[in-house]
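Written out below as structure tokens is the structure these notes cover.
The values are calculated or read from the model by the stated rules, or taken from the named source; none is laboratory data. In this text, all values refer to a predicted model and were calculated from it rather than measured experimentally. A quick note on method: Cβ atoms are made from the backbone with ideal geometry, for glycine too, and the neighbour counts reach across all protein chains shown. Quick note on the areas: whole protein, heavy atoms, side chains included, nothing else; ligands and nucleic acids left out. Shrake-Rupley method; radii C 1.70, N 1.55, O 1.52, S 1.80 Å.
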Amino acid sequence: MTGIDPDNLARGERAALADTLVEVGPDRPTLCDGWTTRDLAAHLVLRDRRPDAAVGILVKPLAGYTAKVQAELAGRPFEELVALVRQVPAHSPARLRAVDQMINTQEYFIHHEDIRRAQPGWQPRPLARRLGEALWSRSQPLARLGLRRFPAALLLDAPGYGELSTGGGGPALRVTGDPGELALFLAGRQRAARVELTGPADLAERLRTRRMGV
């Protein structure tokens, strides 16, 4: 990752993800249902370079068009896809560090773990304090919004970083984990996230299987 700005966490995660793509190759599984590493690389290229098609990620009536463009991108040579993943497009708003940090740090962290945790023998990687702080900061508004109606008094606990109360009220349910694990949990990767749930078993299982993230 030579030449990466050490103050830009998003660029660091982007570079680390690209390195992992090179390491594992194009046809390995990921945590994204039905996607290989090639598909995930194509998704990231689409998100970076085809905003006209990326809108279908959020706007369901356009999802078919998004899938078509992503499939076309996935047909490119894998080395070319990885090279595109590695570089921020010349005219992207993400050229601005503040924008890059805001929109890409968590995105690239999660997708990097989508690759890592789908491979045999994976282990959580230690996170720099600054990255943990960034992930925890980004996770809090997502948790407030996404879990505000969950039928429990939820407490998200990131030891050494802070706590967050959310949920719609009811029995107490605590979710404890490092910021990276909580970020993955809140992004819909509950089964791969190493968190501890303390509270009624039925609510814990309901939260573990709840659809979360985009």
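Observations, loosely collected:
- Within the stretch 94-149, the set of residues being open to solvent by less than 80 Å² (accessible area, probe 1.4 Å) and either hydroxyl-bearing (Ser, Thr, Tyr) or more than 23 Å from residue 44 (Cα to Cα) (or both) comprises 105, 108, 121, 128, 137, 139, 140, 141, 143, 146, 147.
- On the stretch given as the stretch 183-200, residues that are charged (D, E, K, R) and either in contact (Cβ under 8 Å) with a residue 24 or more places away in the chain or at positive phi (or both) total 2.
- Residue within the stretch 186-198 that is modelled with pLDDT of 95 or more, in contact with a Gly (Cβ under 9 Å, 6 or more places away or on another chain) and assigned to a helix (DSSP H, G or I) present: yes
- The C-beta contact set for the stretch 80-101 (first residue among the small types (Gly, Ala, Ser), second residue not in a helix (DSSP H, G or I), distance under 9 angstrom, 6+ apart or interchain) comprises 94/88.
- Selection from the stretch 59-88 of residues that are closer than 26 Å to residue 131 by Cα and open to solvent by 20 Å² or more (accessible area, probe 1.4 Å): 83, 84, 86, 87
- Filter result for the condition that a residue is open to solvent by less than 80 Å² (accessible area, probe 1.4 Å) and either farther than 22 Å from residue 193 by Cα or of a type in the set (Lys, Arg) (or both), over 38, 28: 38
- Some residue of the stretch 186-199 being under 24 Å from residue 47 (Cα atoms) and loosely packed, with under 14 Cβ neighbours inside 10 Å: no
- Listed by first and then second residue, the pairs linking a residue in the stretch 137-156 that is over 18 Å from residue 180 (Cα atoms) to a residue that is open to solvent by 80 Å² or more (accessible area, probe 1.4 Å) and among the hydroxyl-bearing types (Ser, Thr, Tyr), with Cβ atoms under 9 Å apart and 6 or more places separating them unless they lie on different chains, are 153/165; 154/165.
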